[in-house]
Amino acid sequence: MSGGGPLVRFEGVTRRFGGIAAVEDVSLDILEGEFFALLGPSGCGKTTLMRMLAGFETPDEGRILLAGEDLAATPPHQRPVNMMFQSYALFPHLTVEKNVAFGLKMAGMSKQAMGERVAEMLKLVRLESFASRMPHQLSGGQKQRVALARAIARKPKVLLLDEPLAALDKKLREETQFELTSLQTRLGITFLTVTHDQDEAMVLADRIGVMSEGRIVQVGRPAEVYEAPLNRFVAEFVGDINMFEVIVDVVDNASARLTGPDGVFKFVAAACPPKGASAWLAVRPEKMRLSSARPPKGAVNVLAGKVKGLAYVGDWTTFLVETGPDRVVRVARANASRGAVTHASGDEVFVSFDADAGVMLPR
């Protein structure tokens, strides 16, 4: 990520449709040279926010600035922004080469300069030998790269990506994620992508802005958003998590005793909520341990239960452990060796986690 200042700034931006706010009072800075992801469920406002930057929607309130200039009076075709659509929107009657050249031709670039730029773009996305092919002769991944080459050919200041990998199969999507981050680093262009896929956002982005109901609810690096969510929505949307309803019973400096329907827990953190506070203790499944034998005396945060089901996905196995009536805890274990799955449905087990494994979230 570049160390530059804000390239894009949203200041109190609101957009309403029929009296309903799709985007509400959003203020956000996107830094020059970074790969930024807007992450959230369908209908949360992330695409509307991006379309306002592109000029396809107009804010009802607030301002959008690019390199310090208010974009309100700048029509879409004059903005130094380009957008790559989820459908790729390739022209079916044009070759790969002519698809990439289309925007350059519209901008009035000379034939020689256009040929050089198209060749440069096709080399960048490793499609030099596909220049004369038609879109219907391409695979999904190749179409995606043609659309990307066309989008960056005019060298925009900001490239907007609308669910750019949604049409690809899982393996190709994972490969393309790393290609995109490598390409963005080489180009130095600011990328803004919108996605509902938290894994994709975590891989692609330097920073993530999580959206819910038209608002930005947290902005941070992927590790910050995952390890230190600010509220229950972020914790549950970004990855799997176990939530324990607790009340702070005792506070002693940086440690606390928590009580709730699931039992008594010990919590350690730099800052603990005050005594009597109601909260959620949130613990990621991979931070929990699973054992057939009861943990040694003195172990903290131990729950007894029974394996109700498991999901083996190759590198990980997720166990569903019933620890009480209508209470299921998820435990994830890495399959680091052959025969790593040692528990089966119906097994009596113990779940435990360290005092510093979770985070406290407001209720």
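Key figures for this structure:
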{"quantity": "Radius 14 Å from Cβ of V328, net charge of other residues (Lys, Arg +1; Asp, Glu -1)", "calculated": "0"}
{"quantity": "Ordering of 290-298, 154-162, 264-272 by packing [mean C-beta count within 10 Å, highest first]", "calculated": "154-162, 264-272, 290-298"}
{"quantity": "Distance (nanometres) between label positions extended 7 Å along Cα→Cβ at A228 and A119", "calculated": "5.1"}
{"quantity": "Rounded to 5, the percent of DSSP beta bridges in the chain classed as antiparallel", "calculated": "80"}
{"quantity": "Residues F102 and A334, FRET efficiency given R0 of 35 Å [Cβ-Cβ distance, rounded to 0.05]", "calculated": "0.15"}
{"quantity": "Student exercise, the chain dipole from Lys, Arg, Asp, Glu Cβ charges, in Debye to nearest 20", "calculated": "820"}
{"quantity": "Proximal charge balance of F102 [Cβ under 13 Å; K/R count +1, D/E count -1]", "calculated": "+4"}
{"quantity": "Karplus-derived 3J(HN,Hα), 6.51/-1.76/1.60, for each residue of the range 290-307, Hz, glycine and proline x", "calculated": "10, 8, 7, 8, 4, x, x, 4, x, 5, 10, 6, 10, 10, 8, x, 9, 5"}
{"quantity": "Local electrostatic count at S132 - Lys and Arg +1, Asp and Glu -1, tallied over other residues with Cβ under 13 Å", "calculated": "0"}
{"quantity": "Mean ellipticity per residue at 222 nm, deg cm²/dmol - from DSSP H runs of n ≥ 4 across the chain, formula -39500 (n - 2.57)", "calculated": "-7000 deg cm²/dmol"}
{"quantity": "Peptide ranges 144-150, 95-101 listed from the most packed, as the mean C-beta count within 10 angstrom indicates", "calculated": "144-150, 95-101"}
{"quantity": "Rh by Kirkwood over Cα pairs, then Stokes-Einstein D for the chain at 1.002 mPa s and 20 °C, µm²/s", "calculated": "92"}
{"quantity": "Nearby lysines by direct alpha-carbon distance to K143 (threshold 22 angstrom, same-chain neighbours under 8 apart not counted)", "calculated": "K98, K105, K123, K155, K170, K171"}
{"quantity": "Taking K46, K143, K170, K308 and counting other C-beta atoms within 10 Å, the order from fewest to most", "calculated": "K170, K308, K143, K46"}
{"quantity": "3J(HN,Hα) from dihedral phi, the range 197-207, Karplus parametrisation 6.51/-1.76/1.60, rounded to Hz, x for glycine, proline", "calculated": "9, 5, 5, 4, 4, 5, 6, 6, 8, 6, 9"}
{"quantity": "Farthest toward positive dipole pole in the chain [+1 Lys/Arg, -1 Asp/Glu at C-beta], among M106, F350, F265", "calculated": "M106"}
{"quantity": "Selection from I20, A334, V96 lying farthest towards where the dipole of the chain points positive, charges on Cβ", "calculated": "V96"}
{"quantity": "Mean Cβ neighbour count within 10 Å, used as a protection proxy, ranking 253-259, 21-27 highest first", "calculated": "21-27, 253-259"}
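Read-outs throughout are calculated quantities, based only on the coordinates presented, and are distinct from any laboratory measurement. Keep in mind that what you see is a predicted model, and the values were worked out from it rather than measured. With ideal geometry, Cβ positions are generated from the backbone for all residues, glycine too; neighbour counts draw on all protein chains shown.
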